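The values are calculated or read from the model by the stated rules, or taken from the named source; none is laboratory data. Predicted, not measured: the structure shown is a model, and the values here were computed from it. Cβ atoms come from the backbone with ideal geometry, glycine included; neighbour counts cover every protein chain shown.
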Amino acid sequence: MSVRSAATLLQTIPSSRRRIALPLRRLRPGLVSWLQVAPLALILLVLFALPTLLFLVVSFFDYDRTGIYPAFMLDNCRELLTTPTTLRVYLSSLKFAAIVRAITLFLGFDISYFLVFHIRSATLRAVLFLLCAIPFWTSGIIRTIAWIPFLGRNGAFNQLLMGLHITTKPLEFLLFSDFAVIITYVHLFTLLMIGPIANSLSKIDPALMEAARDSGASRWQTMVNVVIPLSKTGIALGSILVFTQVMGDYFVVKQMSGGQSASIVSALSTEIQAMQYPPAAANAMILVIFVAILVAGMMRVVDVRKELVK
Amino acid sequence: MSGRATKGDKRPWTFYALAGLFGLFLLFLYGPMVVIYVLSFQGPDGGVTFPMVGTSVGWFRNILEPGQMANIPVSFSRSLELALLVSGITVVISVAAGLGFRRRFPGSGVLFYLAIASLVMPSLLVGFGIGLGFQFLGLQTNLFTSALGAQLTWTLPFGLLVMFAVVDRFNRSWEEAANDLGASAWQRLVHVTLPILLPGILGVAVGAFTLSYDEYARTTLTIGTKNTLPLEIYALISSSSSPTLFAIGTVTTAVSFLLIGATLLVIFRMQRRRNPIRSV
């Protein structure tokens, strides 16, 4: 829509109506912004910030079988931090998060690059993007269990391998293993990489890449010195999303590891079901601090806010 | 790598390598899904894995009958109502906030990071906090209070991020033109800004709808006594395994496809009407 057609559009508004609201136009711009973001701020404060503060407080409370009592004791935290399982579970989650982040970053970057710079028709690009996005709109639970008949002992993948005479026996490690957990995460979360990275890439002026080429840069040099630095925001945002999704998961690990791996949140959810709120809250607090440090570290690399909000 | 390719350029080898990778990725993305679509037509004596023992639509019929473990039709309509409500609220609030964020205002940094924190917070913890809050206040958790709130802490930051991308491509000179022609702030919003942003706004609506419709980690501790569809599915998984689950998956995907298809059609027609010459 051009400025001209906007102007024509405005002329269709009767001039009598045009004048009515004129005195209102002089609201202070800062105030207008404040009014516009106020509902968001209110909801986030009441439903996110306050509840978070609440469980931070509860983590210091005392409890027994019948209820919880206000107190200030560090036992919940101390107990958690001195149990060897805590460290083991955190390391295991971190391992999953790091591996999944590496794989989704590789896939997400290459696919975004392909879609943004190699696909010539805008319509085809939109269609291919959608093909990537549609599975994301199906329930994560169903996408997780979809792997079970695929990877199982008599599953589609084993049948295919044996049908092609690549293997003679069904592979056992495919399902209910770390392998299955990682595959499922990659399946669930690659789109979280593709979205932000493609958004960053599509803002790159192609003239910059031509300039690099004209100055004698090789493909690889253009990639390393032009494209990757300019897509840092997308990479950081995508990494944050993937990392935190993996750290906060409890369903995939439970379903796909066959009980061999634990996740941070599954321990927490057991405690909540047993109504042991203070230790659950302590667990939650440590996870929040851990995630906050990780995210802050990734945010340091790039000013996500400056890049997103001009 | 020659910038955005134009017609007639010779394709570099990287094009073929990346195209191959993309094809494999699509296979990876859809392969397991296709398996469950096929298995949802499993015969009455068949199980959750291959081989197929005949074919039937019995598992689809199963969805419609309230079972012992799960009542799919009722939870489905609950999920639908909640998702519509969440989607509506998310659109209004995140569009307003997206417009508000175009200026720097005192506290804009804090609010931005609050939204990011709300997005990356492990989902179960959000539900845990809200559930605790309700307990302290002596309130009963309920679908349309605590669960609605818990889902908004997830859909609103998402809507906001989408709005950033949408607003970023918005040319402010259109608004200035409206000002110069004497439009009031309200007329400018209704006749210029919102119509131009409409495709992005539809994206927020559909995105928020599906995020809510599929949500379980934030909802599970805030839902009270009446489950939504994902929670019923969750209960089904832990109790039994039958191809009914796959039938639900097939139906959900079909509904998603219809919804996305309809939205695309609307966006496509909108753009065609606006830009009759340049449209493809």
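From the list A:Leu27, A:Leu45, the lone residue that is more than 7 Å from chain B (Cβ to nearest Cβ) and at pLDDT 85 or above is A:Leu45. Taking the range A:90-116 as the range and being surrounded by 19 or more Cβ atoms within 10 Å (Cβ to Cβ), closer than 25 Å to A:Ser257 by Cα and not small (Gly, Ala, Ser) as the test, the residues that pass are A:Phe96, A:Val100, A:Arg101, A:Thr104, A:Leu107. Which one is modelled with the lowest pLDDT among residues in the range A:251-265 that are on the phi < 0 side of the Ramachandran plot and surrounded by fewer than 19 Cβ atoms within 10 Å (Cβ to Cβ)? Of everything passing the filter in the range A:251-265, A:Gln260 is modelled with the lowest pLDDT.
Of the residues making up the range B:89-116, those that are in a helix (DSSP H, G or I), within 7 Å of chain A (Cβ to nearest Cβ) and more than 19 Å from B:Val206 (Cβ to Cβ) number 7. The set of residues in the range B:94-150 being surrounded by fewer than 22 Cβ atoms within 10 Å (Cβ to Cβ), among the hydroxyl-bearing types (Ser, Thr, Tyr) and under 25 Å from A:Lys306 (Cα atoms) consists of B:Ser108, B:Tyr113. Among helices (runs of 4 or more DSSP H) entirely within the range B:143-193, having at least 1 residues that are modelled with pLDDT under 90 and of a type in the set (Lys, Arg) singles out B:185-188. Can you spot a residue in the range A:161-174 that is within 9 Å of chain B (Cβ to nearest Cβ) and surrounded by fewer than 19 Cβ atoms within 10 Å (Cβ to Cβ)? Among the residues of the range A:161-174, not one is within 9 Å of chain B (Cβ to nearest Cβ) and surrounded by fewer than 19 Cβ atoms within 10 Å (Cβ to Cβ), which makes the answer no. Taken together, A:Phe179, A:Phe243, A:Phe189, A:Phe173 contain a single residue that is of a type in the set (Phe, Trp, Tyr), assigned to a helix (DSSP H, G or I), more than 30 Å from B:Tyr113 (Cβ to Cβ) and in the same structural domain as A:Ile111 (by TED's automatic domain parsing), which is A:Phe179. Residues in the range B:194-232 that are more than 9 Å from chain A (Cβ to nearest Cβ), among the small types (Gly, Ala, Ser) and in a loop (DSSP other than H, G, I, E, B): B:Gly224 only.
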